[in-house]
Amino acid sequence: LESTYELLHVYPPVKGVQHIQLHRPDALNALNTQLLGELATVLGLAETDDSIRAVVLSGSKRAFAAGADIKEMADRDLVGILKDPRQQSWLAITQFSKPLIAAVNGYCLGGGCELAMHADILIAGKDAQFGQPEINLGIMPGAGGTQRLVRAVGKSLAMQMVLTGQAISAQQAKEAGLISEITQPELTLQRATDIATTIAQKSPLAVRLAKEAILKGMDTDLATGLRFERHAFTVLAGTEDRNEGIKAFLEKRPPVFSGR
Ligand code: HXC
């Protein structure tokens, strides 16, 4: 356990997987400037660390995160929000190019739900609750809650969640496609780590471009997405890992990917 971070537990990578735990227990992991800044810093370091192939992000049993820090927001006027330093941190999280897997238990609300939606894969314990309660505060989601949520669950449920502020259960989140699996709460982190470990054994270049292609496709029309996919697919033909992967299959042995 590295102790350089006050509001995060950052564990040394195991088999290519780094576990980051949000750790602000007295405020249900509410996302203040410091916490988001620390998260952006850790992801920035993970970005260039070849020993890290995937990241698992978790909170506590009680809360993944209960939202942006409302006490901190209370002190900000329009100009304060406009100059909000957290914007830079959100951007860094958005730009993280390696697989990010969220292991969600308990409250996953507001900015917490928006953070979870930055993950590429979401796994949740059966007691998890997902919601965008900003409307109850006279505000609205501001870190992707009106955009990523609608892409994940469709218009009707996104509208319902954002306009009523009411949370949905893990079961509803699974049915709507917001998360891919439900586990017993005590197994969520293990399951997320298992998935991350599987991904960490693949060629990191293929993983990176596949992630980029999927995200690109969510942002654009089909023809543009397909063109991007074709280009990415073509680029991979120039990698050693592609040659190794195909050779290993033909030689009936497991591949050894070098990341080149
Ligand atoms: C700051 C928070 C917080 C938050 C909880 N706490 N959520 N502090 N910001 N978002 C603090 C409480 O003040 C309390 O501290 C401690 O955490 C425990 O919370 P309780 O309310 O006592 O727990 P409980 O009764 O179990 O209720 C849990 C809860 C409730 C239902 C999750 O805390 C809640 O409604 N929280 C706010 C959820 C919310 O509205 N989130 C959206 C925020 S707006 P003290 O010191 O008082 O005991 C947002 C905008 C995003 O996210 C925009 C991004 C740019």
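The values are calculated or read from the model by the stated rules, or taken from the named source; none is laboratory data. Computed from a prediction, not measured in an experiment: that's the story for all the values here. With ideal geometry, Cβ positions are generated from the backbone for all residues, glycine too; neighbour counts draw on all protein chains shown. To get the accessible areas, we keep the full protein, side chains included, count just its heavy atoms, and leave off ligands, DNA and RNA. Shrake-Rupley method; radii C 1.70, N 1.55, O 1.52, S 1.80 Å.
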Check: Which members of region 9-31 meet the condition of being within 16 Å of the ligand (Cβ to nearest atom), buried (at least 19 other Cβ atoms within 10 Å of the Cβ) and touching a residue at least 40 places away in the same chain (Cβ under 8 Å)?
Finding: Leu22, Leu28, Asn29, Ala30, Leu31
Notebook entry, point to check: Hey, does region 157-175 have a residue that's open to solvent by less than 50 Å² (accessible area, probe 1.4 Å), on the phi < 0 side of the Ramachandran plot, at pLDDT 95 or above and among the hydroxyl-bearing types (Ser, Thr, Tyr)?
Noted result: yes
Check: When Ile123 is evaluated against the numbered criteria (1) within 13 Å of the ligand (Cβ to nearest atom); (2) under 12 Å from the mean Cα position of the chain (by Cα), which criterion, by number, is the only one it fails?
Finding: (1)
Checklist line | Pairs, first closer than 21 Å to Arg86 by Cα in region 48-72, second within 16 Å of the ligand (Cβ to nearest atom) and at pLDDT below 95, C-beta under 7 Å, six or more apart | finding: none
Notebook entry, point to check: In region 237-252, is there at least one residue being of a type in the set (A, V, I, L, M) and open to solvent by 70 Å² or more (accessible area, probe 1.4 Å)?
Noted result: yes
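Yes or no, residue by residue, for (1) within 23 Å of Gln171 (Cβ to Cβ); (2) not polar (S, T, N, Q):
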residue: Ile52; (1), (2): no, yes
residue: Gly67; (1), (2): yes, yes
residue: Lys71; (1), (2): no, yes
residue: Ile81; (1), (2): no, yes
residue: Gly106; (1), (2): yes, yes
residue: Gly131; (1), (2): yes, yes
residue: Thr146; (1), (2): no, no
Checklist line | Tally, over region 41-66, of residues that are touching a Phe, Trp or Tyr at 6+ places or on another chain (Cβ under 8 Å) and closer than 20 Å to Gly110 by Cα | finding: 6
Note to self: Residue under question is Ile135, and the condition is that it be at pLDDT 95 or above, within 27 Å of Lys71 (Cβ to Cβ), open to solvent by 40 Å² or more (accessible area, probe 1.4 Å) and in contact with a Gly (Cβ under 6 Å, 6 or more places away or on another chain); does it hold?
What the structure shows: yes
Note to self: If I filter region 126-136 down to residues being in contact with a strand residue (DSSP E or B) (Cβ under 8 Å, 6 or more places away or on another chain) and part of a loop (DSSP other than H, G, I, E, B), which single residue comes out as nearest to the ligand (Cβ to nearest atom)?
What the structure shows: Gln132
Notebook entry, point to check: Restricting the search to region 215-233, which residues are open to solvent by 80 Å² or more (accessible area, probe 1.4 Å) and either of a type in the set (S, T, N, Q) or at pLDDT 95 or above (or both)?
Noted result: Lys216, Asp221, Leu222, Leu226, Arg227, Glu229, Arg230, His231, Phe233
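If you check Leu115 against the conditions, is it in contact (Cβ under 8 Å) with a residue 60 or more places away in the chain and closer than 19 Å to Gly67 by Cβ?
For Leu115, the condition - in contact (Cβ under 8 Å) with a residue 60 or more places away in the chain and closer than 19 Å to Gly67 by Cβ - is met.
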Check: Taking Lys211 and the conditions (1) surrounded by 17 or more Cβ atoms within 10 Å (Cβ to Cβ); (2) out of contact with any Asp or Glu (no Cβ under 7 Å at 6 or more places or on another chain); (3) farther than 12 Å from Gly259 by Cβ, which numbered condition does it fall short on, given that it satisfies the others?
Finding: (2)
Margin query: So in region 189-207, with the set limited to residues that are touching a residue at least 40 places away in the same chain (Cβ under 8 Å) and more than 30 Å from Lys126 (Cα to Cα), which one is surrounded by the fewest Cβ atoms within 10 Å (Cβ to Cβ)?
Written below: Leu205
Check: Does region 62-79 contain any residue that is away from the ligand (no atom under 14 Å from the Cβ), on the phi < 0 side of the Ramachandran plot, under 14 Å from the mean Cα position of the chain (by Cα) and aromatic (Phe, Trp, Tyr)?
Finding: no
